[in-house]
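J.: My structure is below; once you've seen it, I'll send some questions.
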Amino acid sequence: MISYQPINMRKANLALLIIFSFSLICCKQTSKPKQTLTNEAELEMKAIKQSKDDLLCGVSRAVCYSGFRTGQHPDRGEGAINPTNEQVLEDLKIISRDSLFNLIRLYDSGENSEAVLRIIKENKLDIKVMLGVWLKAELSAHETCGWLTEPIPSEVLEQNIIANQKEIQKGIRLANEYAETVIAVNVGNEALVDWNDHKVNTDSIIAYVHKVQKAIKQPVTVADNYEWWAAKGEKLAKAVDFISIHVYPVWEGKDIDEAMTYTIENVQKVRNALPNSQIVITEAGWATVASEFGERASEEKQEQYYNDLMKWSADMNITTFFFEAFDEDWKGETANPLGAEKHWGMFTVDRKPKKLIQKMFSY
């Protein structure tokens, strides 16, 4: 809203401005002016800021969704225990309440993801989806991954390559069958970093990206850590339709007072390395309980990080998927119920809202 002042007041203000400006010109300064620092910060922001056309579905606010509740889990070698259709519908209604989130991210093209797409369509829900294609290990990262104590057997890696081809075909089928719902497809999630257990060669992922691009009309991307993109992402950035980065200040030892500054530095690092790439943040979040983080994990800090991040993302025209909708107690070490992997949700595993959501909807 513009505030209009009386003419006399405007003249007085103009006179003061002229005097103040003259005094600045006449004064010799021995240090760098604060205004120069502000301009530098503004230039960095302009370098990061994208066009509104770079937003997915025209929205900056999105969420990662995995609906596995207590006793449920994806296929970990012995089959999956998936949520029921009723549970998925309940989740989707929670997520999209009052248009809180109309864009969600799924991580694979398995049975559960297909159920999500079908339920969105059948119930005419106002939700769009970034569909995932989950890639299993094609390389053994036992020398760099902290929880791989032995090499992955070659026969397992060969089986994984076959499984990955099948997963790609599933993703293609779902993207085409649910073309009105699927707005993008992500091939591989953190499969390029050295510290993960499902590593895939960059050239292989590029070949997979091209294969999917030829078979569907939606844009195709690959999601990975911001550091990998900044250091090694030039070749892949040319293959994908946009790049998808993950930023986690709390994982890198930052507390909430440094969270947004560090997040912006992460994005700036990618922008500097890949200045012509459209950026989407496909994961950023804050754990509410974590034995690994101590007091840095809390519902209050999650609320602050979410609000700060979403405001900045809207200003920068960067679609940002907050990690995540619901806690997932199947993740991490079974013996450690306080492990960070289990507690990133805005809702608990039994769908109770945490403070962030409580304040949004006055529960």
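J.: Could you check Glu333 against (1) farther than 30 Å from Ile48 by Cα; (2) modelled with pLDDT of 95 or more and say which number it fails?
T.: (2)
J.: Among the listed residues Lys359, Lys301, identify the single one that is in contact (Cβ under 8 Å) with a residue 40 or more places away in the chain and surrounded by fewer than 15 Cβ atoms within 10 Å (Cβ to Cβ).
T.: Lys359
J.: Taking the condition modelled with pLDDT of 95 or more and closer than 23 Å to Leu139 by Cβ, does Gln218 pass? I'd like the intermediate steps shown before the answer.
T.: Details: modelled with pLDDT of 95 or more: yes; closer than 23 Å to Leu139 by Cβ: no.
No.
Conditions (1) surrounded by 20 or more Cβ atoms within 10 Å (Cβ to Cβ); (2) over 21 Å from Gly188 (Cα atoms); (3) hydrophobic (A, V, I, L, M, F, W, C); (4) out of contact with any strand residue (DSSP E or B) (no Cβ under 7 Å at 6 or more places or on another chain), marked per residue:
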residue: Val270; (1), (2), (3), (4): yes, no, yes, no
residue: Thr282; (1), (2), (3), (4): yes, no, no, no
residue: Trp286; (1), (2), (3), (4): yes, yes, yes, yes
residue: Ala290; (1), (2), (3), (4): yes, yes, yes, yes
residue: Tyr305; (1), (2), (3), (4): yes, yes, no, yes
residue: Asp315; (1), (2), (3), (4): no, yes, no, yes
residue: Phe323; (1), (2), (3), (4): yes, no, yes, no
residue: Glu333; (1), (2), (3), (4): no, yes, no, yes
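J.: So, one more: Within region 39-50, is even one residue out of contact with any His (no Cβ under 8 Å at 6 or more places or on another chain), modelled with pLDDT of 95 or more and not in a helix (DSSP H, G or I)? I'd like the intermediate steps shown before the answer.
T.: Kept after step one, since they are out of contact with any His (no Cβ under 8 Å at 6 or more places or on another chain), are these residues of region 39-50: 39-50.
Now drop any that are not modelled with pLDDT of 95 or more, which leaves 48-50.
Those still in the list that are not in a helix (DSSP H, G or I) too: 49-50.
Looking for residues that are out of contact with any His (no Cβ under 8 Å at 6 or more places or on another chain), modelled with pLDDT of 95 or more and not in a helix (DSSP H, G or I), one finds at least one in region 39-50, hence yes.
J.: In region 223-242, what residues are among the hydrophobic types (A, V, I, L, M, F, W, C) and not in a helix (DSSP H, G or I)?
T.: Residues satisfying the conditions are Ala223, Val240, Phe242.
J.: Oh, and also: Within the set of pairs 6 or more residues apart or between chains, which connect a residue that is in contact (Cβ under 8 Å) with a residue 60 or more places away in the chain and under 15 Å from Phe321 (Cβ atoms) inside region 58-77 to a residue that is assigned to a loop (DSSP other than H, G, I, E, B) and of a type in the set (S, T, N, Q) with Cβ atoms less than 7 Å apart?
T.: From region 58-77, the pairs are Val59/Asn102; Val59/Thr319; Ser60/Asn317; Ser60/Thr319; Ala62/Thr319.
J.: Search region 291-315 for residues being among the polar types (S, T, N, Q) and outside any helix (DSSP H, G or I), and hand back the single one that is farthest from Tyr262 (Cα to Cα).
T.: Ranking the qualifying residues of region 291-315, first place goes to Ser291.
J.: With Glu252, Glu258 as the choices, which residue is closer than 20 Å to Trp195 by Cα and surrounded by fewer than 17 Cβ atoms within 10 Å (Cβ to Cβ)?
T.: Working: Glu258 fails: closer than 20 Å to Trp195 by Cα.
Residue meeting the stated conditions: Glu252.
J.: Listed residues Thr319, Thr288, Thr263; which is β-branched (Val, Ile, Thr) and within 24 Å of Arg351 (Cβ to Cβ)?
T.: Thr288
J.: Would you point out which residue out of Leu148, Leu139, Leu174 is more than 25 Å from Asp91 (Cβ to Cβ) and touching a residue at least 60 places away in the same chain (Cβ under 8 Å)?
T.: Leu139
J.: Determine the pairs where a residue that is on the phi < 0 side of the Ramachandran plot, located within region 233-257, has a partner that is assigned to a loop (DSSP other than H, G, I, E, B) and charged (D, E, K, R) with Cβ atoms under 8 Å apart, the partner being 6 or more residues away or on another chain.
T.: His246/Glu190
J.: What do you reckon, is Thr288 hydroxyl-bearing (Ser, Thr, Tyr), assigned to a loop (DSSP other than H, G, I, E, B), in contact with a Ser or Thr (Cβ under 8 Å, 6 or more places away or on another chain) and over 18 Å from Thr221 (Cβ atoms)?
T.: yes
J.: Sticking with this structure for a sec: Could you check Leu356 against (1) closer than 16 Å to Val63 by Cα; (2) at pLDDT below 95; (3) not charged (D, E, K, R) and say which number it fails?
T.: (2)
The values are calculated or read from the model by the stated rules, or taken from the named source; none is laboratory data. Just so it is clear, the structure is predicted and the values come from calculations on it, not from any experiment. Neighbour counts run over all protein chains shown; Cβ positions are idealised from the backbone, glycine included.
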